1. For a quick check of your reading of the filter: which trypsin sites (Lys or Arg not before Pro) in the range 1-103 sit in a DSSP loop and have no more than 11 other Cβ atoms within 10 Å?
2. Take every Cα pair under 8 Å in the range 3-121 that's 6+ residues apart, average their separations, divide by the length, and report that relative contact order as a whole percent.
3. Could you work out how far the C-alpha centroid of the range 85-100 sits from that of the range 111-149, in angstrom?
4. Of all the accessible heavy-atom surface of the range 1-120, with the other protein chains kept in place and a 1.4 Å probe, what percent is carbon and sulfur?
5. What does the accessible area per residue of the range 83-149 come to in Å², with a 1.4 Å probe and no ligands, DNA or RNA counted?
6. Which whole-number percent gives the relative contact order of the range 66-145, counting Cα pairs below 8 Å spaced six or more residues apart?
7. With +1 assigned to the C-beta of every Lys and Arg and -1 to the C-beta of every Asp and Glu, and no other charges, what is the dipole magnitude of the range 19-61 about the Cα centre in debye, to the nearest 20?
8. Give me the Kirkwood hydrodynamic radius of the range 1-115, using the inverse of the mean 1/r over all pairs of distinct Cα atoms, in Å to one decimal.
Amino acid sequence: MIIDTLTQASRYEALHPRFKAAFDFLRGTGLQSLAPGRTEIDGDDLFALTQAYETQPAQGGKLEAHRTYIDIQFVISGEELIGYAPLQGQPPAGPFDAEKDIGFYHGDASFTKLSAGMFAILFPHDAHLPARHLTTPAHVTKTVLKVRA
């Protein structure tokens, strides 16, 4: 997992052939005006999922991980905690859903805060628990770039 701000995104563009296009999208798009749902960037190889929600308690939920896509989770407004744990050794909470590219896992996570303008890059070996809070719910608008691994 990588956590940083959009102003530092160019440091990570060489890590994957589609990262430059992903960060160009974040820098060049009026993110505040994106409607919730899917925005096409490069077909199924790179697309954005924009969402608005209230954060949930950090103590709840299950870790998740993906096999086909890398997530770049970018907070447009608000702030949340995101949990992280290495996927290796996490006990599955059920079968992996290949169609939705998601599996859920039991386990503990370490949390860090993502504020507006920050992103987290989550690779297939990273289990994560987004959209959390410690004390009170917060409204968050976020876009998750799905980058085919």
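The values are calculated or read from the model by the stated rules, or taken from the named source; none is laboratory data. This one's a predicted model, so the numbers in the text were calculated from it and none came from an experiment. In this analysis, Cβ positions are derived from the backbone assuming ideal geometry, glycine residues included, and neighbour counts consider all displayed protein chains. Surface areas here come from the heavy atoms of the whole protein model, side chains and all, with no ligands, DNA or RNA. Shrake-Rupley method; radii C 1.70, N 1.55, O 1.52, S 1.80 Å.
1. Here the sparse-neighbourhood loop sites are LYS100.
2. 28 percent
3. Answer, in whole Å: 18.
4. Carbon and sulfur: 51 percent of the exposed surface of the range 1-120.
5. About 50 Å² of surface per residue is accessible.
6. 51 percent
7. Value, rounded to 20: 160 debye.
8. Computed over the range 1-115, the radius equals 15.9 Å.
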